[in-house]
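Quick notes on the structure that follows.
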Amino acid sequence: MDLDRFRCIHGLVLSCSGTDSHRQRPRPGCRSTGLHRHVRLGQLDLKDFRRLPLQSKPEVVPDLGRADEAEWISYDGEIQEAVLWFGLLGRRTSLPTPVRKATLLPCGASLAGRGLPEPAVRPVGRYLYEPDAAVVYARLVAEVAQDVTGGLVDEGGALITATELHHTPFATAYEITKMLPFNRAAFRATLRERAVGRVVVAARGLGTEPDEFQHELAPQNPDAATVFITGTADRPTVLIVSPIPDTREPQPKPARTGG
């Protein structure tokens with residue numbers, strides 16, 4: 001990450017451009033503005049926010065204390081910072097439970113928690129959604145699942161499946177092209193045959209890491225597929241998917257008809 005392009009100082013998040021740092025073009029779903037997000041209402045001083053040390057794993061829940069809001073911030077899909085906010089909107093007493101929020105940079109899109117329970121697991125549909133890292137750390141997968149009318153692929157996991165395609169800046173959408181049982185030998189052959197560029201291991205307790213298959217990957221191929229290993233250690237499943245472009249952009253409004 002280029003620290004000159006991202007600052008979170010005294011309640012003000014700055015981004016020097018609205019472009020993707022690697023490709024120098026506006027990121028899907030983001031506005032290309034020079035000054036991003038977010039000046040909080042009212043005058044803040046240094047006691048009004050506190051940075052949290054980032055946990056190594058999103059399932060580790062930090063102590064949020066008596067904060068009004070806990071915000072996790074990602075840049076270009078990678079988690080960067082967690083901030084606790086106090087005294088928002090002139091409240092004299094803290095909320096019973098801090099509001100959780102995920103903010104994505106450079107676009108500045110934010111998702112706030114709605115107090116939803118964990119979504120139900122459902123059979124794998126046509127589409128797969130991979131939530132942004134800030135969403136996962138903020139534990140807002142349920143909110144994204146509701147927005148795309150989907151359910152979880154695995155209990156306690158972050159991957160969402162749905163039968164319909166929806167636009168959201170908070171997750172990357174894929175179309176599932178193949179579903180297979182996981183077998184290491186057969187899997188390596190599949191990676192070579194299908195020119196897979198990325199492997200994501202979501203199955204718990206499998207004892208497998210993406211680096212294990214590095215020699216079989218084709219990351220330089222722009223048309224390379226992505227593979228997710230899901231399920232459980234005793235019944236892992238392979239989902240071969242293709243990314244769907246432009247689904248992180250705001251959905252265009254229907255044209256108004258005259259009359």
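Take the residues of segment 86-105 that are charged (D, E, K, R) and modelled with pLDDT of 80 or more: which is surrounded by the fewest Cβ atoms within 10 Å (Cβ to Cβ)? Before you say what the answer is, go through the steps one by one.
Restricting attention to segment 86-105, the residues satisfying the condition of being charged (D, E, K, R) are 91-92, 100-101.
The next check asks that each one be modelled with pLDDT of 80 or more; those that pass are 100-101.
Values: Arg100: 21, Lys101: 19.
Restricting to residues being charged (D, E, K, R) and modelled with pLDDT of 80 or more, the top hit is Lys101.
Take the conditions (1) modelled with pLDDT under 85; (2) touching an Asp or Glu at 6+ places or on another chain (Cβ under 9 Å); (3) not hydroxyl-bearing (Ser, Thr, Tyr); Ala138 misses just one of them, which is (1).
Among all residues of segment 48-67, there is at least one that is modelled with pLDDT of 65 or more, more than 13 Å from Ala138 (Cα to Cα), acidic (Asp, Glu) and not assigned by TED's automatic domain parsing to the domain that holds Ala142.
For segment 132-172, enumerate the residues that are small (Gly, Ala, Ser), closer than 16 Å to Glu78 by Cα and touching a Pro at 6+ places or on another chain (Cβ under 6 Å). Quick ask: steps written out before the conclusion?
Keep residues of segment 132-172 that are small (Gly, Ala, Ser), which gives 133-134, 138, 142, 145, 150-151, 156-158, 162, 171.
Restricting the remaining residues to those that are closer than 16 Å to Glu78 by Cα gives 133-134, 138, 158, 171.
Listed by number, the residues that qualify are Ala158, Ala171.
Where strands (runs of 3 or more DSSP E) fall wholly inside segment 134-252, the ranges with 2 or more residues that are outside the structural domain of Ile73 (by TED's automatic domain parsing), in contact with a strand residue (DSSP E or B) (Cβ under 8 Å, 6 or more places away or on another chain) and within 19 Å of Arg122 (Cα to Cα) are 160-162, 171-181, 225-231, 236-243.
The values are calculated or read from the model by the stated rules, or taken from the named source; none is laboratory data. The structure displayed is predicted, hence computed values, not measured ones. All Cβ positions, glycine included, derive from the backbone under ideal geometry; neighbour counts span all protein chains shown.
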